[in-house]
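Single-structure report; data block below.
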Amino acid sequence: MIPEFLQKIPKLPGVYVFKDTAGIVLYIGKAKNLYNRVSSYFKNTTDWKVQELIKEHASVEHIITKSEIEALLLEAQLIGKIKPKYNVLLKSGNPFVYLMVSQDTIPQLKLVRIKKEKGLYFGPFIYKQKVRTVYEYILRMFKLRLCSTRIEQGCLDYHMNRCAGNCLSSFNSQDYLVRLELAQKLLEGNYKACQELLKSQITEHNKKLEFEKSKHLSIYLRDLEVIFDILKTGFSENKYVSDVTLATMPVSYKISYPTQALEALQELLHLPTRPVSIDCFDISHFQSSYLVGSCVRFSHGIPDKNNFRRFKIGTVTTQNDYAALQEIVSRRYKDTNQLPDVILIDGGKGQLSAVRDLFPQVPFISLAKREETLYTALHPEGVKLDIQTPMGQLLIGLRDYAHHFAVTYHKTLRHKGLRSY
């Protein structure tokens, strides 16, 4: 029998916690959709562990997270800290990997699963395959791979720029340590230092007319942000646990009163009826590469994923957000029957001006991030939104959702591009 408390659990990513009558945590799990996952425990099952858990539990609490990945990280952290008796998989296993600078005579960068030797560790990281790609990239980029042979002229990998050259009798360990230090700065998150280093090397190669080397370094520079994004997926020991308390978990969706939010928007825009569907558009790119766009729809104040769309931008080859927005808005509504009640643009006055006349039958509005200012045809100077109000929660939440959807697609394409080098 499905308990009534499930009605308060949202269909959002997060972590759920089963407790007994004494408030002791029995089981911790993560879910992409909390409602669907928790509901599944109360359906007929032959799994003895689930049957015993349901018999013993007295309550289920939850924590909403921004994404499924954050839920996974939080689940692992909570299980490691609390060690509930029904959790088995994450108690004994280690689902993560680390990057480590060893303390050998010639220190080296390693990819490891367990902290068992002395060294400087970075991580843990959850995207194992992506971190392996980053690991190989750093070894190649900074020429850090050490070989086990001793050849006077250097091994084959050395001549293919895959080996640090420790196989040579003339191996310069000081140069190697400098490169290792640069790699360490990259792992520490010193994005600016690495970016300046690459730019200076590109300039040097261009002066020497070494354009092929310059081209490869330009590719590295373009993908540097991707490397940092992957490395930032690591988390510190108390990053999430310190921010949440199991006794005070939220039980409702951030948009507390979607009906009130839509009624307030109707009043602000002087609409004849309360809007039901709102689409939001956003653009994502890096130095005009991998230009993509997103369109996210909220219906009745909640995400309507069947009407999410993402776009590879084909007609714009330079950094022109206005033209890119015009392209994706036009493509989204080739069939005007798909038009929503309101269209929201992630941006300011310029972005709004670029697209508001494309479909005059629909009100266009834009939301600038810096001061959360909303621009409309009736409010050309802008209206500041308050995140504490239902309308502020709705529009800011929708804008952030569209931004996340665009950035995720952009990063996916760039990760694919990174693996091809």
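Across the protein chains, with a 1.4 Å probe defining accessible surface, the residues LEU385, LEU265, LEU111 rank LEU111, LEU385, LEU265 from largest area downward. Calculate the length of the line joining the C-alpha centroid of the range 336-397 to that of the range 1-66, in whole Å. Between the Cα centres of the range 336-397 and the range 1-66 lies a distance of 38 Å. In this rough spin-label picture, where each label sits 7 Å from Cα along the Cβ direction, the THR408-HIS379 distance is 2.8 nm.
The trypsin sites (Lys or Arg not before Pro) of the range 47-78 that DSSP puts in a loop, and whose beta carbon has at most 13 other beta carbons within 10 Å, are LYS66.
Net length available on complete extension from ASP304 to HIS270 is 9.8 nm, with 0.36 nm assigned per residue and the Cα-Cα distance removed. Over the range 288-386, what percent of the accessible surface lies on carbon and sulfur atoms, probe 1.4 Å? Ligands and nucleic acids excluded, carbon and sulfur give 44 percent. When the residues SER40, SER299 are ordered by accessible surface, computed with a 1.4 Å probe over the protein chains alone, the sequence from largest down reads SER40, SER299.
Among residues other than HIS205 with Cβ under 13 Å from its Cβ, the summed charge is +2 (Lys and Arg +1, Asp and Glu -1). Counting heavy atoms of the protein chains alone, SER39 has an accessible area of about 10 Å² for a 1.4 Å probe. Taking every protein chain into account, the accessible area of the range 339-421 amounts to 46 square angstrom per residue (probe 1.4 Å).
Think of a 1.4 Å ball rolled over the protein heavy atoms: the range 1-125 then has 55 Å² of accessible area per residue.
Across the range 98-112, computed HN-Hα scalar couplings (Karplus, 6.51 cos²θ - 1.76 cosθ + 1.60, θ = phi - 60°) run 10, 9, 9, 9, 6, 10, 5, 3, 10, x, 9, 8, 10, 10, 10 Hz from first to last residue, x flagging Gly and Pro.
Applying the Karplus relation 6.51 cos²θ - 1.76 cosθ + 1.60 with θ = phi - 60° to the range 192-197 yields 3J(HN,Hα) values of 4, 4, 5, 5, 5, 4 Hz, where x marks Gly and Pro.
The values are calculated or read from the model by the stated rules, or taken from the named source; none is laboratory data. What you see is a predicted model; the values in this text were computed from it and never measured. Neighbour counts run over all protein chains shown; Cβ positions are idealised from the backbone, glycine included. Keep in mind that these areas ignore ligands, DNA and RNA; they rest on the heavy atoms of the full protein, side chains included. Shrake-Rupley method; radii C 1.70, N 1.55, O 1.52, S 1.80 Å.
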